[in-house]
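Chemist: Please find one structure pasted underneath; my questions will follow.
Rule-based calculations on the coordinates, nothing more; no lab input. Nothing here was measured: the structure is a model prediction, and the numbers come from that model. Neighbour counts are summed over all protein chains in view; Cβ atoms, including those assigned to glycine, are modelled from backbone coordinates with ideal geometry.
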Amino acid sequence: MIDNSSIEALKNSIDIVDVIGNYIELRKAGANYKANCPFHGEKTASFVVSPSKQIYHCFGCGVGGDAIRFVMELEKLSYPEAIEKIASSFNFTLRYSQGSSDYSNIKRVLESVQKWYVKNLDFQPQALEYLHRRGISKSSIEDFEIGYVGRSGEVMQFLGSHHIPLPQAAEAGIVAIGENSGYYARLVERITFPIYSTSGTLVGFGGRTLGNHPAKYINSPQTKLFNKSRLLYGYHRAKEHIYANKKIIVCEGYLDVIMFHQAGFKEAVATLGTALTADHLPLLRKGEPNVILAYDGDKAGRAAALKAAQMLSIAGFEGGVVLFPGGKDPADLIAEGKGDEVARLLRERKPLIPFVIESISSEYDLNSPRAKEEAFGRIKSYLENHSEIIREAYVSTAATYLKISSTLFGDNVKKEKVADGITRPKDDIAQLSILKTLLEKPELIDDVLDIVESSMFGNYRELFDLIVSGAAEDPRLVGITLDESLQAMSQEELMDMLKSFLIRHYDQQLKLIAADNSIEFRKKSYLIRKIKTDIIPRLKRGESVAYKNLLKEV
Ligand code: ZN
């Protein structure tokens with residue numbers, strides 16, 4: 001069990017903006033942050049995170065809570081699992097009252113395996129020779145803790161002699177269960193590269209074969225600690241340089257990253273055997289760096305760069321693309337001592353949007369009007385995903401590449417405006433404002449209860465009751481707290497609001513009483529007179545009159 005005081009300490013040390021920011025992109029909006037809700041499909045951002053209140057709320061689907069609740073809901077984890085997940089990604093050491101956590105077991109397994117891998121390398125002349133040939137220096141081997149893993153039997157022997165239970169090794173992604181339900185090592189006969197989380201926790205390995213294995217690179221499988229699709233190789237080492245120099249170099253392989261760092265480009269990272277996807281955007285956004293895509297100049301590299309550049313520019317990133325010429329990867333150039341050339345290529349990177357326009361144009365034979373028409377369609381719809389200002393800035397570039405008149409992009413390029421926010425009837429706003437005021441100033445609840453009762457709140461009756469009973473953490477109330485379109489009132493304003501609220505209610509009662517034929521005539525005229533000549537005038541004079549449902553007295 002995780003110690004309670006340890007959970008409290010964790011809660012105090014984390015910021016909900018960091019926790020949620022690890023999963024989705026948050027944009028600053030006033031005092032809060034906004035995003036498209038990860039729990040329901042939407043195009044407008046109704047998901048709000050409040051740093052001051054340390055809570056989140058979605059105005060679209062109504063979910064809400066604190067950082068731990070978010071991780072529980074999104075990752076489908078139990079409360080202790082979510083705590084462990086957060087603690088691990090923030091390098092926070094939890095205390096346990098008895099036993100130990102799964103994560104500490106996984107970490108222990110990974111760390112001892114890693115030490116062993118590193119030791120193995122010294123006895124692998126072939127692997128050392130390969131690394132040397134690729135230009136990787138001895139100190140880079142040490143800095144990046146490159147190692148070697150031998151045959152499956154050796155791995156099993158190591159685990160056995162170090163008393164590491166196989167189920168734990170399986171959880172850490174080191175072994176897997178085969179067809180005959182026996183365990184086997186996942187990574188064998190490969191050079192190993194340890195993979196760290198952004199905060200520097202060892203979470204898995206990448207492995208490069210030296211033999212003829214069809215898969216040149218293999219990574220550890222997805223585990224509780226290792227999420228390949230969101231991590232970038234080398235990020236924990238590059239982090240401070242990315243923040244300081246406001247740039248990040250995204251390349252394709254581990255060796256590229258290591259060679260970039262070796263040559264002094266310490267902002268280099270790589271995806272983990274996948275293309276760059278939207279899952280990487282939150283991490284890329286951190287520190288607001290200029291994103292430089294440094295890919296191979298071959299066909300696959302070009303196609304990957306085009307996709308990534310489109311995604312990044314549409315997501316509002318600044319950045320550019322460098323394609324390394326002659327089928328070489330950046331690691332080769334650096335190994336050949338052409339660090340200066342690499343620096344020049346990086347400096348002369350093609351900005352994202354012109355790169356996309358040029359790449360799409362180059363896929364077509366622009367002498368053919370039909371082909372030109374198709375290229376135009378693709379570029380036009382790509383530009384339509386940008387703001388009007390950005391679009392206007394690049395229309396002439398596009399027209400030049402396509403050799404067409406820029407007026408063709410003209411008036412047709414109009415973006416449909418998406419209605420943002422929810423429109424509410426005036427009555428609702430009045431009631432919601434009262435609720436918001438009571439949430440912010442609970443000391444006024446008694447004054448309000450002297451005058452009104454929950455039945456007056458119609459659709460919001462339940463919420464009013466919740467506030468009175470002190471249940472402010474209800475997600476719907478959190479929503480009201482965070483709703484910036486609602487204003488909390490001063491005590492005076494609140495009283496005035498309640499009085500006009502009362503007047504409207506009595507007006508309504510008046511109509512109901514007049515229309516109700518079951519009320520005896522004398523009673524009816526008494527009630528009407530009471531409301532018209534006594535209650536409403538008193539309210540209008542500013543007196544506090546406690547609310548009564550006179551229909552109930554009938
Ligand atoms: Zn939602």
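Chemist: Treat the count of other C-beta atoms within 10 Å as a stand-in for reagent exposure and order Thr192, Thr198, Thr533, Thr400 from fewest to most.
Modeler: The most exposed by this proxy come first: Thr533, Thr400, Thr198, Thr192.
Chemist: For region 364-409, with the dipole built from +1 on Lys and Arg beta-carbon atoms and -1 on Asp and Glu ones, taken about the Cα centre, which of Thr397, Tyr364, Thr407 lies farthest toward the positive end?
Modeler: Checked the options; the winner is Tyr364.
Chemist: Relative contact order (percent) for region 12-93, with alpha-carbon contacts under 8 angstrom and 6 or more residues of separation? Kindly include the intermediate steps, with their values, before the conclusion.
Modeler: Details: 114 pairs, mean separation 17.5, N = 82.
Relative contact order of region 12-93: 21 percent.
Chemist: Run the numbers on the chain and let me know its relative contact order in percent, using alpha-carbon pairs under 8 Å that are six or more apart.
Modeler: 9
Chemist: Using the structure shown, list the pairs from Lys119/Lys307; Lys138/Lys266; Lys441/Lys532; Lys307/Lys328 with a Cα-Cα distance above 29 Å, or answer none.
Modeler: Lys119/Lys307; Lys441/Lys532
Chemist: Compactness ratio of region 4-89: Cα Rg over 2.2 N^0.38 Å, N = residue count? Please list the in-between numbers first.
Modeler: Numbers: Rg = 12.5 Å, N = 86, 2.2 N^0.38 = 12.0 Å.
Its radius of gyration relative to the 2.2 N^0.38 Å reference: 1.05.
Chemist: If you plug each phi of region 523-536 into the Karplus form 6.51 cos²θ - 1.76 cosθ + 1.60 with θ = phi - 60°, what whole-Hz ³J(HN,Hα) values come out, in order, with x for Gly and Pro?
Modeler: The phi angles translate into 4, 4, 5, 5, 5, 4, 4, 4, 5, 6, 9, 10, 5, 4 Hz.
Chemist: While we're looking at this one, here's another question. Each residue of region 351-364 in turn: what ³J(HN,Hα) in whole Hz from Karplus with 6.51, -1.76, 1.60 and θ = phi - 60°, glycine and Pro shown as x?
Modeler: Whole-Hz 3J(HN,Hα) from phi for region 351-364: x, 3, 5, x, 4, 5, 4, 5, 5, 5, 4, 6, 7, 10.
Chemist: Largest first, please: the extent of the C-alpha atoms of region 230-357 along each principal axis, to the nearest Å.
Modeler: Taking the Cα atoms of region 230-357, the three principal extents are 36, 32, 25 Å.
Chemist: Quickly estimate the mean residue ellipticity at 222 nm for the chain, helices only: each DSSP H run with n ≥ 4 gives -39500 (n - 2.57), and the total goes over all residues, rounded to 500. If you can, show how the numbers build up before the last one.
Modeler: On the way: 25 runs with 261 residues, N = 554.
That comes out to -14000 deg cm²/dmol.
Chemist: Send over the semi-axes of the chain's equivalent ellipsoid, whole angstrom and largest first, taken as the square roots of 5 times the C-alpha gyration tensor eigenvalues. Mind showing how you got there, number by number?
Modeler: Numbers: eigenvalues 713, 239, 63 Å².
Semi-axes from the Cα gyration tensor: 60, 35, 18 Å.
Chemist: As I understand it, the value is the acute angle between the Cα axis of helix 79-89 and the longest principal axis of the Cα atoms of the chain; what does it come to in degrees, rounded to 10?
Modeler: Tilt relative to the chain: about 50 degrees.
Chemist: Suppose R0 equals 35 Å. What FRET efficiency, 1/(1 + (r/R0)^6) with r the Cβ-Cβ distance, do Glu493 and Lys43 give to the nearest 0.05?
Modeler: Details: r = 36 Å, r/R0 = 1.03.
My answer for the efficiency is 0.45.
Chemist: With viscosity set to 0.890 mPa s and temperature to 25 °C, compute the Stokes-Einstein D of region 426-553, Rh being the Kirkwood radius across alpha carbon pairs; µm²/s, no decimals.
Modeler: Details: Rh = 15.6 Å.
D, rounded to a whole number, is 157 µm²/s.
Chemist: What do you get for Rg/Rh over region 364-409 if you use C-alpha atoms and the Kirkwood form of Rh?
Modeler: Details: Rg = 10.3 Å, Rh = 10.7 Å.
That ratio equals 0.97.
Chemist: Starting from the Kirkwood radius over alpha-carbon pairs of region 115-220, derive D by Stokes-Einstein at 25 °C in a medium of 0.890 mPa s and give it in µm² s⁻¹. Intermediate results must be reported in sequence, preceding the final value.
Modeler: Working: Rh = 14.5 Å.
For these conditions, the coefficient is 170 µm²/s.
Chemist: Roughly how many debye, to the nearest 20, is the charge dipole of the chain about its Cα centre, given +1 on each Lys and Arg Cβ, -1 on each Asp and Glu Cβ, and no other charges?
Modeler: Details: 70 positive and 71 negative charges, 165 e Å.
Dipole about the Cα centre, nearest 20: 800 debye.
Chemist: In addition: Which chymotrypsin sites (Phe, Trp or Tyr not before Pro) does region 500-550 hold that lie in a coil by DSSP with at most 11 other beta carbons within 10 Å?
Modeler: Working: sites: Phe501, Tyr506, Phe521, Tyr526, Tyr547; in loops: Tyr547.
Sparse-neighbourhood loop chymotrypsin sites (Phe, Trp or Tyr not before Pro): none present.
Chemist: Further, regarding this structure: Using amide H atoms built 1.01 Å from N in the peptide plane, name the residues 5+ places from Lys247, or on other chains, whose amide H lies under 5 Å from its own.
Modeler: Under 5 Å from the amide H of Lys247 lie the amide H atoms of Asn290, each far enough along the sequence or on another chain.
Chemist: On to the next question. Can you check how the C-alpha radius of gyration of region 265-321 compares to 2.2 N^0.38 Å, as a plain ratio? Show your work: numbers first, answer last.
Modeler: On the way: Rg = 10.9 Å, N = 57, 2.2 N^0.38 = 10.2 Å.
It is 1.06.
Chemist: On C-alpha positions alone, give me the angle between the axis of helix 388-402 and the longest principal axis of the chain, in degrees, nearest 10.
Modeler: 40
Chemist: Given the Cα-Cα distance of Asp447 and Arg541 and 0.36 nm per residue of separation, how much length would full extension add, in nm?
Modeler: On the way: separation 94, 0.36 × 94 = 33.84 nm, distance 1.85 nm.
Here the answer is 32.0 nm.
Chemist: Within region 479-496, list the residues whose amide N lies under 18 Å from a label point set 7 Å along Cα→Cβ of Val468.
Modeler: Under 18 Å, as judged by backbone N against the label point of Val468, lie 495 of region 479-496.
Chemist: For Ala371, put the label point 7 Å out on the Cα→Cβ axis and report which residues of region 386-405 keep their amide N under 16 Å from it.
Modeler: Flagged as within label range: 401-404.
Chemist: Let me ask something additional. Could you pull out every Cys in the chain that lacks a partner Cys with its beta carbon under 4.7 Å away?
Modeler: Flagged as lacking a Cys partner: Cys61, Cys251.
Chemist: Next up: Measure out, as a whole number of angstrom, how far apart the alpha-carbon centroids of region 304-329 and region 341-387 sit.
Modeler: Centre-to-centre (Cα) distance: 11 Å.
Chemist: Using a 7 Å offset from the Cα along the Cα-to-Cβ direction at both Glu388 and Lys286, what is the distance between the two label points in nm, to one decimal?
Modeler: About 3.7 nm, to one decimal.
Chemist: Which of the GluC sites (Glu not before Pro) across region 173-269 are loop residues per DSSP, with 15 or fewer other Cβ within 10 Å? Numbers along the way, then the final one.
Modeler: Values: sites: Glu179, Glu189, Glu240, Glu252, Glu267; in loops: Glu179, Glu189, Glu252, Glu267.
Here the GluC sites (Glu not before Pro) that fit, given the DSSP loop and packing criteria, are Glu179.
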